[in-house]
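Reading through the structure tokens given below for one structure.
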Amino acid sequence: MTSAANLNSSKSRASGNDWRLLRYLIPYAKRHRPKLVWVALLLVPLSVAGAVQPILIGQAISFLRDEPSTFALLKDPSVTLTQGLDWLSLALLLTVTVQFTLQGIQGFMVQKVGQQMTNDIRNDLFAHVQSLASSFFERTPVGKLITRITSDVEALGDVFSTGAVGIITDMITILVLVIVMFLRQWQLALVLVLLLVPIAGVIVYFQHQYRSANYKAREQLSNLNANLQENITGISVVQLFRREQYNARSFHQINERYITAVDRTIFFDSAVSATLEWTSLVGIAGVLFVGGRAVLGENLDLGTLTEFILFAQRLFNPLQQLAEKFTTLQGGFTAIERITELMQEPLEIGDPLHPKTLPLAGGKTALGEVKFSDVWLAYKPDEYVLQALDFTIQPGEKIAIVGPTGAGKSSLIRLLCRLYEATKGQVLVDGVDVRDLPQAELRQHVGVILQDGFLFAGDVKGNIALGEDYSLAQIQDAAEQMNVSAFIEQLPDGYDTVLRERGTNLSGGQKQLLAFARAAIRNPRILVLDEATANLDVGTESMIQEALDRLLVDRTAIIIAHRLSTIRNVDRILVLNQGQLAEFGTHAELMRLGGLYASLYQLQMLGQGEEVM
């Protein structure tokens, strides 16, 4: 059933109005209008120069045979045979020089504009992808995104640089040739033009088949890249569990499906080329048959017949190039379709049209209040992971959120940071709904330290600043404030030490230390700690905890902890269970209550062999 649906979908895409997809390129083409005007201006002289060349060669033959079709200038008795041939040779050389020169200029300008458009599209696509909600990335393999931003965008650029403009050039060339042929000898011109009608239908059929096959090939390439990215990212697990052979078989199967899909595109591409080769020979044979009889009947000059043999070659050369460019264009249509699908992916979380701002510091009211007002969250319709959450965290209060795995702790933090939108209810920071705040402002005032701190390729100071305009002195001050400056200064180049992708030249604990400095430099009103000290050894954790105690003064803190012994001194503990607020209170109050928290705490302490208090 699924295969049939996919087939129908592919046929629908292939049979749709392909040309409307080119409208996607128009805004990008307008950015480079001056260059495109010059490209357009070169089309006519380029086509005329190519159309004149067969006439000049035909005139040389007519001049040698003293035929009636010879130009009047060459019939002048004062013009010797040598002079006439010299003039024709110079004229032919001039047209060839003009043609090649204009082709070179046009080709350079078209390629340059195509690359600039590719650059613009890739930038816009990357910016759009970065703005998409977390839910999109959870359901979309990274490898597929990479394929669309790289190879699909490159194919889209080819639509312009070697496709769309090239097709216009070839069509104008064909049009000029047809006009010149009818002006020279309409009977032979009609023979060649009549051949174009049936062949056009055959080419259109093959092109639609190519389009459908190319879409499937692109999909299989996306699957191939997704599989490759997943296995490289998880290479340590692959090797630890001896999964190499299984992965190799899986990759081989996906690769085979990709090659099979590519083979179909090659078949239809070759079919178009073979058809045009055959048609061009038929065209020349038709001209020889009709024109030869006319020459024998003395109704046509040999020079004119020679012209039309060359016209036949010139007519089918751009037609063959046109078909090849249509193949490029069909591949580009597939790329445009896949890119527009991504560009049309809705921005589920965007900045409000009329944004509000958080209250400024310095007023009588303390800042850093967090309020969940009847908040519900469903990742899928009617499947709620958070239900009826209703609580307030006072400014400067230290709150711990605990609960079994899957209780909704991380989902609650995602709502606060607005990585997800609440299905129902409101999340407020200092009395302002987070949906009414610009995302940059919200995340400036809500700092998050995750258990696994992600590092980018680059130096240490850049991973602390993360693109913000902080001075080296500010970065060093934040590191000292969090007691991590000693660790950084021990690195080979200190703050200038270059980190590899994902910080693989640092230990897990060292990466986590940089995450603390990253949060401290931003001086957030609200600090979220998601099991932030889990990767640290006991000595380093003690040192960081001392720095955290200083950082959390007069600052709201939300702590997600699995080790319950680390949160005994917080102001309140919120206990989540199956997405609902099951209990809340201090450690002592919850232990006296003897509910879920007490059970979890006792199980942890017994597992660690410690005395339960």
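Data table
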{"read-out": "Residues located in segment 549-579, provided they are in a helix (DSSP H, G or I) and without any contact (Cβ under 8 Å) to a residue 60 or more places away in the chain", "value": "D549, S565, T566"}
{"read-out": "Out of L606, L590, L600, L536, sole residue that is open to solvent by less than 50 Å² (accessible area, probe 1.4 Å) and either in a loop (DSSP other than H, G, I, E, B) or out of contact with any strand residue (DSSP E or B) (no Cβ under 9 Å at 6 or more places or on another chain) (or both)", "value": "L536"}
{"read-out": "Test: residue in segment 221-238 that is among the acidic types (D, E) and over 30 Å from L276 (Cα atoms)", "value": "yes"}
{"read-out": "Top-ranked residue of segment 548-604 - restricted to ones that are touching a Lys or Arg at 6+ places or on another chain (Cβ under 7 Å) and of a type in the set (D, E, K, R), ranked as farthest from A519 (Cα to Cα)", "value": "D571"}
{"read-out": "Residue within segment 516-533 that is over 25 Å from Y420 (Cα atoms) and not β-branched (V, I, T) present", "value": "yes"}
{"read-out": "Contacts under 7 angstrom Cβ, first residue in segment 479-492 being closer than 12 Å to M543 by Cα, partner among the acidic types (D, E) and in a helix (DSSP H, G or I), 6 or more apart", "value": "N483/E546"}
{"read-out": "Hits in segment 288-303 (condition: in a helix (DSSP H, G or I), without any contact (Cβ under 8 Å) to a residue 40 or more places away in the chain and more than 18 Å from F63 (Cβ to Cβ))", "value": "L288, F289, G292, R293, L296"}
{"read-out": "Residue count for segment 505-532, restricted to those that are crowded, with 19+ Cβ neighbours inside 10 Å and part of a helix (DSSP H, G or I)", "value": "11"}
{"read-out": "Helices (runs of 4 or more DSSP H) enclosed by segment 361-477 - at least 1 residues per element that are closer than 28 Å to L347 by Cα and open to solvent by 40 Å² or more (accessible area, probe 1.4 Å)", "value": "409-416, 439-445"}
{"read-out": "Unique match (being within 30 Å of D301 (Cα to Cα), open to solvent by 20 Å² or more (accessible area, probe 1.4 Å), in a helix (DSSP H, G or I) and out of contact with any Gly (no Cβ under 8 Å at 6 or more places or on another chain)) among V37, V96", "value": "V96"}
{"read-out": "Residue in segment 242-253 that is without any contact (Cβ under 8 Å) to a residue 24 or more places away in the chain, open to solvent by 80 Å² or more (accessible area, probe 1.4 Å), in a helix (DSSP H, G or I) and closer than 30 Å to V282 by Cβ present", "value": "no"}
{"read-out": "Top-ranked residue of segment 531-562 - restricted to ones that are among the charged types (D, E, K, R) and within 23 Å of F391 (Cα to Cα), ranked as nearest to the chain's Cα centre (by Cα)", "value": "E531"}
{"read-out": "Counted residues, segment 201-232 - those being open to solvent by 70 Å² or more (accessible area, probe 1.4 Å) and without any contact (Cβ under 8 Å) to a residue 24 or more places away in the chain", "value": "3"}
{"read-out": "Verdict on A91 being assigned to a helix (DSSP H, G or I) and in contact (Cβ under 8 Å) with a residue 24 or more places away in the chain", "value": "yes"}
{"read-out": "Qualifying residue in segment 262-278 (condition: under 26 Å from the mean Cα position of the chain (by Cα) and open to solvent by less than 50 Å² (accessible area, probe 1.4 Å))", "value": "yes"}
{"read-out": "Any pair with Cβ under 7 angstrom, 6 or more apart, that starts in segment 431-460 at a residue that is under 24 Å from L552 (Cβ atoms) and of a type in the set (D, E) and ends at one that is open to solvent by less than 70 Å² (accessible area, probe 1.4 Å) and in a loop (DSSP other than H, G, I, E, B)", "value": "E441/L358"}
{"read-out": "Scope segment 403-419; condition modelled with pLDDT of 90 or more and more than 23 Å from E441 (Cα to Cα); matching residues", "value": "none"}
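The values are calculated or read from the model by the stated rules, or taken from the named source; none is laboratory data. Since the model is a prediction, treat every value here as computed from it, not as a measurement. For neighbour counting, all protein chains shown are included, and Cβ atoms are generated from backbone atoms with ideal geometry for every residue, glycine included. Remember, those area values only see protein heavy atoms, side chains included, never the ligands or the DNA or RNA. Shrake-Rupley method; radii C 1.70, N 1.55, O 1.52, S 1.80 Å.
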